[in-house]
1. Cut-off 20 Å, label point 7 angstrom out along Cα-to-Cβ of Tyr60: give me the residues of the range 81-113 whose amide nitrogen falls inside.
2. Suppose every K and R has +1 on its Cβ and every D and E has -1 on its Cβ; what is the size of the dipole of the chain about the Cα centre, in Debye to the nearest 20?
3. Which of the lysines could a cross-linker span from Lys35 if the Cα-Cα distance has to be under 29 Å and same-chain partners fewer than 8 positions apart are dropped?
4. Going by average Cβ neighbours within 10 Å, how do the peptides 64-72, 47-55, 98-106 rank, with the highest at the top?
5. Hey, rough spin-label estimate for Tyr114 and Asn5, points 7 angstrom out along Cα→Cβ, what's it come to in nanometres?
6. Calculate, in nm to one decimal, what Ser69 and Ile84 gain on full extension: separation in residues at 0.36 nm each, minus their alpha carbon distance.
7. Could you pull out the trypsin sites (Lys or Arg not before Pro) across the range 1-40 that fall in loop regions by DSSP (anything but H, G, I, E, B) with no more than 16 other Cβ atoms inside 10 Å?
8. Beyond 14 Å, how much of the Cα-Cα pair distribution for the range 63-117 remains, as a whole percent?
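Each value in this text was obtained by applying a stated rule to the coordinates, not by laboratory testing. Being a predicted model, the structure only gives us computed values, none of them experimental. Here the Cβ is made from the backbone with ideal geometry for all residues, glycine too, and neighbour counts use every protein chain on show.
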Amino acid sequence: MNRKNGSILLGVGIYDGMFGPGSTTLALYTYAYEKIAYIKAVGLSRIGVFAMCAGAAITYIATGKIEWSLTLTLMLGSVIGAQIGIVLARKVKANQVKLLLRIVTVVLIVQLVYDFIHQL
């Protein structure tokens, strides 16, 4: 970690706290820019997601605004998804990952624009 990518990842964390969708994709772009191997980037992303979720959980618990049944269900889904993701990460080629990241990025941008327009 250096000052530049540390600042970028801090920005990703702030974005995650404010908006949420796509923060892990932004982190993966940062790791790709730093030429970190894909499997290592996936592991770092999982750690980042855990840290961001822990920060959000602490905030919601401290304010008393938490739905425990929803939270526990999402946690279970996250653990299952992470296990599936790790298995798939070893089978996916780097070119496929780049294409998938670009598609996910475009879909997230379209979703955010769509939601913004419908709130007007």
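1. Label zone hits: 81-83.
2. Details: 11 positive and 4 negative charges, 128 e Å.
Roughly 620 debye for the chain.
3. Result set, ordered by chain and number: Lys4, Lys91, Lys93, Lys98.
4. Most protected by this proxy first, the peptides run 47-55, 98-106, 64-72.
5. 3.3
6. Here the segment from Ser69 to Ile84 would lengthen by 3.1 nm.
7. Loop-located and lightly packed - Lys35.
8. Values: 1085 of 1485 pairs.
Summing the P(r) tail past 14 Å for the range 63-117 gives 73 percent.
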